[in-house]
Amino acid sequence: MGIDKVLIACEESQAVTIEMRKLGIEAYSCDIEPCSGGHPEWHIQGDVIPLLDWGWDLMIAHPPCTYLSNAGIRWFNEDRYGEKARQRKKLRIEAYNFVMKLAEANIPKIVIENPVGWLNSHWRKPDQIIQPYFFGDREKKRTCLWIKELPNLIPTNIVEPKVYAYYKKGKKKGQPIYFHDCFPPSKDRAKIRSKTFPGIAKVMAKQWGKTLFDIVK
């Protein structure tokens, strides 16, 4: 009996797809952008929604967080930004509806990944919140997981996260005097920030891929 198919939705980097493939799992990435992972033969470029009924047994989805993350919450202030803020609110609803289509897909096992934000307060609390430094990458980036019919990820290599901000002494709450952004402004900033950290990609494949192996063996 062959291994079941896995869809990695909204993934141009192919980080999780490649790790799944290393384990012999038939995984495919899908994104409106061409893939940057070097394996176009495993990539479906286009809208993921029409693909949801293709008989997948697991979908891990990384829907865009531009309008859902708390990181850009200030841009929704209508008093300050007027029509631009109203337009962003419309786009946020569209982004939310897109996530709901993914979450309600007729796929037995589903994982939705996103930063802390709109989904937490307007959908439901996540089943798990992970950090890259739980899995060997020395970075902080709180990542929420909404999980259907799969176990939570188990930390594999907890390391000390890097420190990028330093504070003056003697100030209430401290005043930052130095801050280094891991992802400086550029035309590819959003794409770079959305890439899955290597340790998380590996553990998703090993722990959730193993679940599939246990089912079919």
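For the range 38-52, the criterion of a residue being over 24 Å from Asp4 (Cα atoms) and either part of a loop (DSSP other than H, G, I, E, B) or touching a Pro at 6+ places or on another chain (Cβ under 8 Å) (or both) is satisfied by no position.
Residues that are touching a residue at least 24 places away in the same chain (Cβ under 8 Å), loosely packed, with under 15 Cβ neighbours inside 10 Å and of a type outside the set (A, V, I, L, M, F, W, C) within the range 1-25 comprise Gly2, Lys22, listed in sequence order. In a residue-by-residue description of the range 102-115, the property of being under 19 Å from the mean Cα position of the chain (by Cα), over 23 Å from Gln207 (Cβ atoms) and buried (at least 17 other Cβ atoms within 10 Å of the Cβ) applies to no position.
Inspection of the range 52-69 identifies at least one residue that is of a type in the set (Gly, Ala, Ser), surrounded by fewer than 22 Cβ atoms within 10 Å (Cβ to Cβ) and within 24 Å of Arg142 (Cβ to Cβ). Residue count for the range 143-156, restricted to those that are surrounded by fewer than 12 Cβ atoms within 10 Å (Cβ to Cβ) and in a strand (DSSP E or B): 0. Say we look at the range 55-95 and pick out the residues that are over 17 Å from His122 (Cβ atoms) and assigned to a loop (DSSP other than H, G, I, E, B); which of these is modelled with the lowest pLDDT? Among residues in the range 55-95 that are over 17 Å from His122 (Cβ atoms) and assigned to a loop (DSSP other than H, G, I, E, B), the one modelled with the lowest pLDDT is Asn77. Of all the numbered requirements in (1) surrounded by 12 or more Cβ atoms within 10 Å (Cβ to Cβ); (2) at pLDDT below 95, Phe98 misses one, and that requirement is (2). When Asp214, Asp181 are screened for being modelled with pLDDT under 55 and either closer than 20 Å to Glu11 by Cα or not in a strand (DSSP E or B) (or both), only Asp181 passes. Would it be correct to say that Gly72 is surrounded by fewer than 14 Cβ atoms within 10 Å (Cβ to Cβ), without any contact (Cβ under 8 Å) to a residue 60 or more places away in the chain and among the small types (Gly, Ala, Ser)? In short, no.
Filtered by the rule that a residue be outside any helix (DSSP H, G or I) and modelled with pLDDT of 95 or more, the range 128-141 gives Gln128, Ile129, Ile130, Gln131, Phe135, Gly136, Asp137. When residues of the range 1-54 are filtered for being at pLDDT below 95 and closer than 19 Å to Ala105 by Cα, how many remain? Residues that pass the stated criteria total 2.
Between Ala61, Ala71, the distinction of being of a type in the set (Gly, Ala, Ser) and under 30 Å from Pro108 (Cβ atoms) belongs to Ala61 only.
Report whether or not Ile49 is under 19 Å from the mean Cα position of the chain (by Cα) and under 30 Å from Lys22 (Cα atoms). Yes: the conditions hold for Ile49. Within the range 75-95, the set of residues being of a type in the set (Lys, Arg) and surrounded by fewer than 17 Cβ atoms within 10 Å (Cβ to Cβ) comprises Arg80, Lys84, Arg86, Lys89, Lys90. Quick check on the range 14-36: of everything there that is in a loop (DSSP other than H, G, I, E, B), within 22 Å of Lys210 (Cβ to Cβ) and not hydrophobic (A, V, I, L, M, F, W, C), which residue is nearest to the chain's Cα centre (by Cα)? Restricting to residues being in a loop (DSSP other than H, G, I, E, B), within 22 Å of Lys210 (Cβ to Cβ) and not hydrophobic (A, V, I, L, M, F, W, C), the top hit is Gln14.
The values are calculated or read from the model by the stated rules, or taken from the named source; none is laboratory data. Note that the structure is predicted; figures quoted are calculated from it, not measured. Neighbour counts run over all protein chains shown; Cβ positions are idealised from the backbone, glycine included.
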